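Have a look at the structure below, then the notes.
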Amino acid sequence: MTSTSTAFDVDAFGRRHIGTTPRDHEWMLAALGYDTLDALMDAAVPSAIRMHEVLDSAIPDAATEREALAELRALADANTVRTSMIGLGYSGTITPAVIQRNVLENPSWYTAYTPYQPEISQGRLEALINFQTMVTDLTGLDTANASMLDEGTAVVEGMLLARRASKAKTNRFVVDADALPQTHALLVSRAEAVGVELVVADLDETTDVAELGDHFGLFVQYPGASGRVWDPASVIAASKAQGALAVVAADLLALALITSPGELGADVAVGTSQRFGVPMGFGGPHAGYMAVRKGLERQLPGRLVGVSQDAAGHAAYRLSLQAREQHIRREKATSNICTAQVLLAVMASMYAVYHGPRGIRHIATRAAGHARLLAGWLEDAGLELVHDAYFDTIRVRVPGTAAEVVDRARELGIHLWQADDSTVQVAVDETTTASDLHTVARAFGGPDSRDFGWVAPLPTALPETLRRTTPYLEHPVFNTHQSETQMMRYLKTLADRDYALDRGMIPLGSCTMKLNAATEMQAVTWPEFANLHPFAPEADVVGSLGLVEQLESWLAEVTGYDTVSLQPNAGSQGELAGLLAIRGYHLANGDIERDVCLIPSSAHGTNAASAVLAGMRVVVVACDELGNVDLDDLRAKIAANAEHIAALMITYPSTHGVYEHDVKDITRAVHDAGGQVYIDGANLNALLGFARFGDVGGDVSHLNLHKTFCIPHGGGGPGVGPVAAKAHLAPFLPGHPMAQRTSHAGGVEHGGGPVSAAPYGSPSILPISWAYVRMMGAEGLKQATATAVLAANYVATRLRDHFPVLYTGENGLVAHECILDLRPLTAETGVTVDDVAKRLIDYGFHAPTMSFPVAGTLMVEPTESEDLAELDRFVEAMIQIRAEADAVGRGEWPAEDNPLRGAPHTAESVIAGEWTHPYTREQAVYPVHSLVRNKYWAPVRRIDQAYGDRNLVCACPPIEAFA
Ligand SMILES: *Cc1c(COP(=O)(O)O)cnc(C)c1O
């Protein structure tokens, strides 16, 4: 039979991205009672918000995968990769190939979700506890978290932690004048919003701390931005004596050789792990870190991995303490960080596993030795160094000729840093070669070649008094996997313990776990994108800037806004950037009293946490029984705070997964009261191509490129959370002192303070979203939205008779996700939402989102990328689980001993000893026959959450714990 379909295109990416076929759609639509996808969307999306024209030509027609890669290649070729010796928190590094191939380029690692379901996340949780152990060892502190967004924001979080924990009654924070310039800029903009006064001070061993006045915290950069290494112990002690906490930003590689912050008296250490094998990537993503001394662990922002035990008493990893803290604590959360930098933390930890303590020490010694060697020659040539004691960075006086030296070096292929007209800075790293040192020497006016006389071991220029004497990375994990075969197998072993998108669907509501296509991922590791320093000169990064500009304009187009900033490196940071823009706008208008942020009770927890960080007061607006914002309560809250309304933060479609038709009334009411409207765009996958935030009354939104636009979740990050806004907010969107360009999409300048350490946030992963838009085209994006909505409604319809669907909108339809209400089931049978989530593991699934936004429910978001067979497999598993629960309800199985309560079942649990349960072993592990050939085995049984919080262990346990 010949195909009559002319629509079939063998090269079209869209039909690879969308999992269901046109024929599947007919079947699914029939189940819903609609003839066409258009008819379904007409019925689902309220006509009041519907956009009827196709997206403007700003979005080019869909390219094939080959065409998109060719265009990306042209953009890459427009960049010029020179050797960066700029330093300032970003160093050249060698990603061990075994880590690049088996982690960064391996979907088992990059497509996983944040490990909220610990039983199916033991691999990445182990990698993260290795990260935490590496950080606590090197910093000499007690507890580290599983990554921060970058170094600059980690310092800000350190400042906020110091303010929470300090008893000093003052709002003053002392900042080292030798801080990284981007860190300084971040501190300035973030401190201002929350009423902290910064006191910048030249710190050294002779500083009289009493002269600095009272302060709740002290910040030291160690080594300094200028490369200087000095001993801050006495300054730290004096500062702490007057009630402050000491926050030290430390270079992890330097700590291999110099005294740790913990030994110097620091309460908090922060920094980046970038130079542990993570490419600079023009600024990110990289994993920042934070470690604290004992007693402060409950103040730590972000995720903390700990050790607990499972139902069989075996040691098992899980997220500790504040695992979902914004969701629970909202405006009282310790920070707004949700998505962090897990994939990059995994890479950095594996770099330490691969090299071990001897390798790390060697790499550090070699870099310090090379810096000393270069310095010695420059001194011989009559040049003067600014500091005598340094690790890998030297500062050289070149009266009046700094620009010339930097230009000469650039012509010779190396970027140096011009600190001022008469000072040039050179940072050595792991990649620096003898030839690089020769070239730098020539740039400073030396002869064409010179024999440096390599000596081993190379002497360093570190002060004797700061020599590190304490050991690190002694745990066996850092001393075992150092052949490539062992490393490859360790990575495979860990990956096999986890459930990621390469095994099956991850139907997490609000998280949009769609395909992260291989073609989209390809350019991430191209050296032209990966090996750029974020402060490289504009002329050398025009390809990346072009990509940024195109993506910004496409995102502005699809959201109906005038301009976009790609700087925020997570959704939460986009929220903060948007709220800071609103704050800046009101202040510029003289509206200093506008500080109330209205937030519906159903909002994502980060919303309230971000509002607090933007210096706003949160006022909660009720939701009605349909899950919509209660308009009467909104009007009442507006009236009660009349002159103080700064903003409303609303999620659209709502976190209940429905399109509210009142959204325009809501936004009008806020505007009438003089407030601005923030629309949380995390649910854009339900709207793209059908409605635009800018058209329904939004002033500003963030998007989650790691949801709607295909950046993989990486097991809990990276993410990109661009902020999109109307033109009147542009002057207050995040700028950056080192940005190569100040103009952005829409031809406007962004004049606010930065929210990320790097000017363009995490640019090395932007080719992913760029490729997605480029390969889908406007029509494909629209098709994806419609298919996602179809899939959610199909699941809702098929499951409705088994689990009530909590909220629906127009015509009984949901948007791109649906909430299954398990509370009636729990009331009837005692089976909890936890039991169902864990039982899904036995059936080979990742659970949907649990108890958000409503306790006792599961929120299912299938996305457009799943095929019909996988959707049906999920539906059938849920129906069978319902039947199992009913059997418990009827008393066929006891409430405490049934396949649900016993889930997940490990292989050991069904073969060890005598089987005493009232259900069979087959029912336990093969409830569906297809599992016999295709089984994901959870490595641990259900994990005891409370035990882990009572007995906090957040570093690698001794290997006997797993014996
Ligand atoms: C995911 C999400 C966020 C936060 O995004 P992160 O990137 O995790 O910081 C905010 N709001 C909603 C509705 C979300 O689903």
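Here, each number is a calculation from the coordinates, and none is a lab measurement. Keep in mind it's a predicted model, so treat the numbers as computed, not measured. So basically every Cβ, Gly included, is an ideal-geometry build from the backbone, and we count neighbours across all protein chains shown.
Quick notes on this one:
- Expressed in Å, the radius of gyration and Dmax of the Cα atoms of region 193-258 are 12.5, 38.
- Net charge, residue 756 excluded, C-beta distance under 14 Å - Lys, Arg +1, Asp, Glu -1: -3
- Linear extension gain, residue 643 paired with residue 589, 0.36 nm per residue minus alpha-carbon span: 18.1 nm
- Applied to region 284-289, the Karplus parametrisation 6.51 cos²θ - 1.76 cosθ + 1.60 on θ = phi - 60° returns per-residue 3J(HN,Hα) values of x, x, 9, 8, x, 9 Hz, with x for Gly and Pro.
- Based on Cα atoms of the chain, Rg over Rh with Rh as the Kirkwood radius reads 0.97.
- Calculated FRET efficiency for the pair residue 867/residue 470, C-beta based, R₀ 60 Å, to 0.05: 0.65
- Think of it as helices only: each DSSP H run of n ≥ 4 in the chain is worth -39500 (n - 2.57), and spread over all residues that comes to -11000 deg cm²/dmol at 222 nm.
- Translational D in µm²/s for region 707-839 (Stokes-Einstein at 25 °C, 0.890 mPa s, Kirkwood Rh from C-alpha pairs): 130
- Estimated translational diffusion coefficient (Stokes-Einstein, Kirkwood radius over Cα pairs, 37 °C, 0.692 mPa s) of region 895-936: 304 µm² per second.
- Per-residue ³J(HN,Hα) for region 397-403, Karplus 6.51 cos²θ - 1.76 cosθ + 1.60, θ = phi - 60°, Hz, x for Gly and Pro: 7, 9, x, x, 10, 4, 4
- Test item: Cα-centred dipole of region 527-775, Lys/Arg +1 and Asp/Glu -1 on Cβ, debye: 360
- At an R0 of 30 angstrom, the distance between the Cβ atoms of residue 922 and residue 27 translates into a FRET efficiency of 0.40.
- Amide H contacts under 5 Å for residue 683: 652, restricted to partners 5 or more places along the chain or on a different chain, H placed in the peptide plane at 1.01 Å from N.
- Length available on full extension from residue 549 to residue 892: 0.36 nm per residue minus the Cα-Cα distance, which gives 117.2 nm.
- In sequence order, calculated HN-Hα J values of region 184-191 (Karplus, 6.51, -1.76, 1.60; Hz; x Gly/Pro): 4, 5, 5, 4, 4, 6, 6, 5
- Difference of contour (0.36 nm per residue) and Cα-Cα distance, residue 801 to residue 101: 247.4 nm
- Sites residue 36 and residue 741, calculated FRET efficiency, Cβ-Cβ separation with R0 35 Å, nearest 0.05: 0.20
- For region 527-775, the alpha-carbon radius of gyration amounts to 0.98 times the rule-of-thumb value 2.2 N^0.38 Å expected for a compact globular protein.
- Amide H contacts under 5 Å for residue 308: 316, 317, 318, restricted to partners 5 or more places along the chain or on a different chain, H placed in the peptide plane at 1.01 Å from N.
- With both labels modelled 7 Å from their Cα along Cα-to-Cβ, the residue 435 to residue 458 distance reads 1.7 nm.
- Value of Rg to Rh for region 774-857, rounded to two decimals, is 1.06; Kirkwood radius and Rg both from alpha-carbon coordinates.
- Cα-Cα pairs of region 776-950 separated by more than 20 Å (percent): 56
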